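Undergrad: Dumping the structure here so I can ask a few things about it.
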Amino acid sequence: MPAVLGPVQKKLSQKPVTKGILLFFTLLSLPFLNACSQNTTQQNSLPPNKEPLKADTFANQGKIKELLNAEFTLQREGPNKAFEPFYELASQSDDIELIERLTHIAVVSQNHLYIERSANLWLSADPTSEAAYSLKLQVLIKDNRAEEVTTLLTNAMRHKVSLRFLPIYLEENVRDSDQVNTIETAIYALPPESKNNQYIQVSYAHILLLSGKYQLAINTSEQLLAKPNTDKSEALYLILAFSQKSLGQLDNAIKTLQTASQHFPKNTRVITPLIDFLVENEQPKIASNIYQKTDLETPEKLQVGINLMRSLLEHNQPGLALATANSLPEKQLGLSDQIQYLSAIALAQLNKKAQAIEVMENVDGALRTNATNQIALWLYDENKEDDINNMVLRRTARENMPEQVAAISRLHEERGHINLSFKLVNNALIALPESDALRYHKALLADTLGNWKITEKELKNLLQKDPDNPQYLNALGYTLLTRTKRIDEAMNYIESAYEKADNDPAIIDSLGWGFFLKGEFEQSSYYLKKAWSILPDAEIAAHYGESLWKQRHYKEAIAVWEAALETSPDTPLLLDTIKRLSPSLLEERKQDKPS
């Protein structure tokens with residue numbers, strides 16, 4: 001380990017995160033007393049966590065009445081109201097049981113100040129309490145009080161308290177860069193002799209991994225593992241293995257995890273990355289054999305098996321993935337949807353699309369939407385796109401209809417089947433006529449298909465329900481602007497939309513184009529330039545360029561069109577506008593492209 005532990009990277013959130021590191025984050029998510037990071041709803045009564053407090057001590061002190069009143073307040077009004085009465089009792093007593101009861105109340109209250117006060121009281125009564133140090137540490141880190149974290153760790157070491165809680169808390173909060181940076185700063189400020197503490201060094205090695213200092217993380221981890229008195233936790237092996245993998249040393253990473261698995265034969269945090277690394281290292285059969293031989297309880301066996309299936313599918317091993325599915329425990333504990341989903345993907349990889357669709361049809365629950373989307377893609381692959389709409393409507397619950405239909409509608413449009421998109425949305429509206437989102441989508445699709453009268457009808461229906469909606473007003477105004485000669489009526493709608501959302505580029509574009517059609521070209525350019533500055537969209541560029549061209553600002557128009565062509569070279573409105581006004585621009589671009 002380096003002689004000096006210095007800050008390695010102050011903005012961890014800016015470091016790219018690889019897939020492997022994300023897996024590491026997941027593996028290090030362990031249950032732990034985390035009083036400050038829970039997001040549970042505040043409870044009105046305290047869950048039982050201890051036997052009832054012994055009243056005889058308080059009776060001897062004449063405090064039995066106060067204790068009963070505090071308990072009554074707790075049960076009737078909740079932990080926030082009960083904290084002060086309990087704190088007063090606990091602070092007047094050295095009774096650790098009462099102080100622990102107070103701490104439990106503080107944790108349930110989710111109040112940082114209460115948690116810190118109770119932890120301080122606990123430490124004053126017992127300066128060797130590891131649980132109290134752990135609890136206070138969490139408050140200090142959450143509040144980014146690095147200097148006080150340093151002091152707390154120093155005091156714990158002075159009282160010979162184990163710091164095992166520090167690397168565990170770091171493991172749980174690796175995604176929070178502020179908390180990680182606070183821990184790093186606190187470690188850096190420790191006295192040199194304190195930095196030799198094994199748990200400080202494990203935390204430091206973890207921070208090195210997170211910040212991309214992989215070789216330093218390897219050096220630190222290897223030195224710790226070489227020491228006979230080090231607590232050889234699975235986290236230390238994982239830090240070493242993921243650092244090795246990040247440097248391309250996959251063989252070494254596998255050896256590290258194989259060693260770890262000898263020490264922790266039933267630890268899924270070790271088994272899971274070992275299997276993943278073997279599959280990635282083109283040793284899928286070895287990975288499968290390790291899984292089959294691992295003696296795990298049913299829940300762990302299922303989770304590791306499902307992860308193995310994912311890994312095998314990512315590396316195009318569908319046969320082994322199906323074999324893994326067939327070897328999973330019979331009791332699937334609510335995970336059957338995941339298993340069937342992955343099995344269907346495996347069948348598709350084996351070019352058994354029809355069978356894959358049949359299996360995927362059985363997937364429900366949280367994966368239902370993903371399964372529906374996947375089936376639609378496979379039906380397109382099988383040239384059965386006409387079967388998609390019925391499948392979607394049959395599989396989709398009413399509450400999910402707008403989002404699901406929107407996703408499949410986009411797929412139809414990407415595949416050039418706008419008519420199927422329109423039919424899907426129209427049929428979904430029959431099942432869910434109250435959906436404004438579906439009705440608005442139908443209106444836009446109808447306009448795309450040239451059925452602008454349907455668009456007008458549907459938008460007016462929407463405006464009856466929501467007359468001040470700027471999107472509806474703009475869509476109706478733009479439809480009338482481009483499809484009819486009712487320009488004044490169209491502008492009334494658009495101007496009303498602009499009054500309600502004067503920074504929306506789509507509305508500003510409509511307003512500018514309306515002025516263009518009315519022959520008010522300076523007004524037109526003003527608004528179209530504003531829209532273009534907010535959103536350099538190809539269709540806005542078409543309008544803005546044409547307005548400039550009409551005013552003989554040819555160079556400016558061409559500059560706008562060229563900018564739009566760079567990012568959106570296939571937009572129909574842009575291409576049609578340029579072909580009509582400056583076709584030589586497109587010819588020049590063709591000549592400039594390498595053959």
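The values are calculated or read from the model by the stated rules, or taken from the named source; none is laboratory data. Everything quoted here is computed from the prediction, not taken from an experiment. Here Cβ is always computed from backbone atoms with ideal geometry, including for glycine, and neighbour counts include all displayed protein chains. Accessible surface is based on the protein model in full, side chains and every heavy atom, while ligands, DNA and RNA are left aside. Shrake-Rupley method; radii C 1.70, N 1.55, O 1.52, S 1.80 Å.
Undergrad: For the structure I just gave you, tell me whether ALA490 is more than 38 Å from the chain's Cα centre (by Cα), closer than 18 Å to THR577 by Cα and open to solvent by less than 70 Å² (accessible area, probe 1.4 Å).
TA: For ALA490, the condition - more than 38 Å from the chain's Cα centre (by Cα), closer than 18 Å to THR577 by Cα and open to solvent by less than 70 Å² (accessible area, probe 1.4 Å) - is not met.
Undergrad: What helices (runs of 4 or more DSSP H) completely inside the range 425-529 contain at least 2 residues that are in contact (Cβ under 8 Å) with a residue 12 or more places away in the chain and within 25 Å of VAL405 (Cα to Cα)?
TA: 436-448, 452-465, 470-483
Undergrad: While we're on this one: Among the residues that make up the range 157-166, is at least one of them part of a helix (DSSP H, G or I), open to solvent by less than 30 Å² (accessible area, probe 1.4 Å) and over 30 Å from ALA70 (Cβ atoms)?
TA: Within the range 157-166 (the criterion being part of a helix (DSSP H, G or I), open to solvent by less than 30 Å² (accessible area, probe 1.4 Å) and over 30 Å from ALA70 (Cβ atoms)), the answer is yes, since at least one residue qualifies.
Undergrad: Sort through LEU240, LEU224, LEU216 and tell me the only one that's of a type in the set (A, V, I, L, M, F, W, C), open to solvent by 60 Å² or more (accessible area, probe 1.4 Å) and assigned to a helix (DSSP H, G or I).
TA: LEU216
Undergrad: Which residues, counting only those in the range 471-487, are surrounded by fewer than 17 Cβ atoms within 10 Å (Cβ to Cβ) and over 16 Å from THR448 (Cβ atoms)?
TA: Those that are surrounded by fewer than 17 Cβ atoms within 10 Å (Cβ to Cβ) and over 16 Å from THR448 (Cβ atoms): THR484, LYS485, ARG486, ILE487.
Undergrad: Which is of a type in the set (Val, Ile, Thr), modelled with pLDDT of 95 or more and open to solvent by less than 10 Å² (accessible area, probe 1.4 Å), of ILE105, ILE141, ILE115, ILE99?
TA: ILE141
Undergrad: Test each condition in (1) assigned to a helix (DSSP H, G or I); (2) more than 18 Å from PRO572 (Cβ to Cβ) for ARG552 and report the one that comes out false.
TA: (1)
Undergrad: Only one of GLU193, GLU222 is acidic (Asp, Glu) and either over 24 Å from ALA156 (Cα atoms) or in contact (Cβ under 8 Å) with a residue 60 or more places away in the chain (or both). Can you tell me which?
TA: GLU222
Undergrad: Return yes or no: is LEU445 open to solvent by less than 40 Å² (accessible area, probe 1.4 Å) and over 32 Å from the mean Cα position of the chain (by Cα)?
TA: no
Undergrad: Another question, then. Among the residues in the range 570-584, are any touching a residue at least 24 places away in the same chain (Cβ under 8 Å), more than 38 Å from the chain's Cα centre (by Cα) and outside any helix (DSSP H, G or I)?
TA: yes
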